[in-house]
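Novice: Take this structure, written in structure tokens, and hold onto it; I'll ask about it next.
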Amino acid sequence: MVIKMGEIVFITGGVRSGKSSYALKLAKKMDKEVIFLATGSAKDEEMEERIKLHKKGRPSSWKTIEEGKNVIPALLSIKPPHKIIIIDCLTFFVSNLLLDHQTEEFITEYIERIAKIILKSPHTAIIVSNEVGWGVVPESALGRKFRDTLGKSNQIMAKYAQKVYLMVSGMPVKLKEKRNEKIKKDID
């Protein structure tokens, strides 16, 4: 019996470039149960409103897991059969860990573990993140650490992903498409 290797579809781009909408569109096309793993939390009214709008855009049949820091236990709790998992987004996840005083090394190792867990599962994960290094250099040390750590985290996820899309003005630009056999060498 051959067990299907997991798949990672990584979607990155600027703020409001259409990343989350594209992730939802891809998931709706797949005929599987969808689990939405939300890493953001409402710390003010504006964020509460954003989260409400995101929830309205998802089918009510989808299960939502809200987990800002402990993504690995959340992923391990998702049992077969094959499911679609949307992780939205790495940006909040990295921010949450940095605000929890985790090191860049800890965070990037955690991101790599997430990728390997997904690839060893029977699930497809659509992972959303932001490209934050294209603008001005952040004024604060924490801002620069966030930019650098997220940049490295995105590189790790893109390395393990079978498909990588860059969203530009609502348009997906395919950066990578790779078969599982080549990815399998990286996780063994």
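Novice: Please name which of THR108, PRO59, PHE93 has its Cα lying farthest along the dipole of region 57-188 towards the positive end, using unit charges on Cβ (Lys, Arg +1; Asp, Glu -1) and the Cα centre as origin.
Specialist: With unit charges placed on the Cβ atoms, the residue in question is PRO59.
Novice: Once the mean 1/r over all distinct Cα pairs of the chain is inverted, what Kirkwood radius in angstroms do you read off?
Specialist: 16.8 Å is the Kirkwood radius here.
Novice: Distance from the Cα centre of region 1-72 to that of region 80-129, in angstrom?
Specialist: If you average the Cα positions of each part, the centres end up 12 Å apart.
Novice: For the chain, what is the accessible area per residue in Å², given a 1.4 Å probe and the full set of protein chains?
Specialist: Counting only protein heavy atoms, the per-residue value for the chain is 56 Å².
Novice: Tally up the carbon and sulfur contribution to the accessible surface of region 21-113 as a whole percent, 1.4 Å probe, everything protein left in place.
Specialist: Heavy-atom surface of region 21-113 belonging to carbon and sulfur, 1.4 Å probe: 51 percent.
Novice: Which of LYS43/LYS159; LYS52/LYS159; LYS25/LYS159; LYS116/LYS176; LYS43/LYS178; LYS43/LYS163 have a Cα-Cα distance over 30 Å?
Specialist: With Cα atoms farther than 30 Å apart: LYS43/LYS159; LYS52/LYS159; LYS43/LYS178; LYS43/LYS163.
Novice: Let me ask something additional. So what are the ³J(HN,Hα) numbers for region 15-27, from phi and the Karplus equation (6.51, -1.76, 1.60; θ = phi - 60°), rounded to whole Hz, Gly and Pro as x?
Specialist: Each residue of region 15-27 in turn: 4, 6, 8, x, 4, 5, 4, 5, 4, 4, 4, 4, 5 Hz.
Novice: So what are the ³J(HN,Hα) numbers for region 61-78, from phi and the Karplus equation (6.51, -1.76, 1.60; θ = phi - 60°), rounded to whole Hz, Gly and Pro as x?
Specialist: So the Karplus estimates, Gly and Pro as x, are 6, 6, 8, 10, 10, 9, 8, x, 10, 9, 5, 4, x, 4, 5, 5, 7, 8 Hz.
Novice: A further question follows. Would you mind computing, in nm to one decimal, how far apart the modelled labels at ASP31 and GLU177 are, each placed 7 Å from Cα along Cα→Cβ?
Specialist: With each label placed 7 Å out from Cα toward Cβ, I get 2.1 nm.
The values are calculated or read from the model by the stated rules, or taken from the named source; none is laboratory data. The model shown is predicted, which means the values in this text are computed figures rather than measured ones. Quick reminder, even Gly has a Cβ in these numbers, built from the backbone with ideal geometry, and neighbours come from all protein chains shown. In case anyone asks, the SASA skips ligands and DNA or RNA and just uses the protein heavy atoms, side chains included. Shrake-Rupley method; radii C 1.70, N 1.55, O 1.52, S 1.80 Å.
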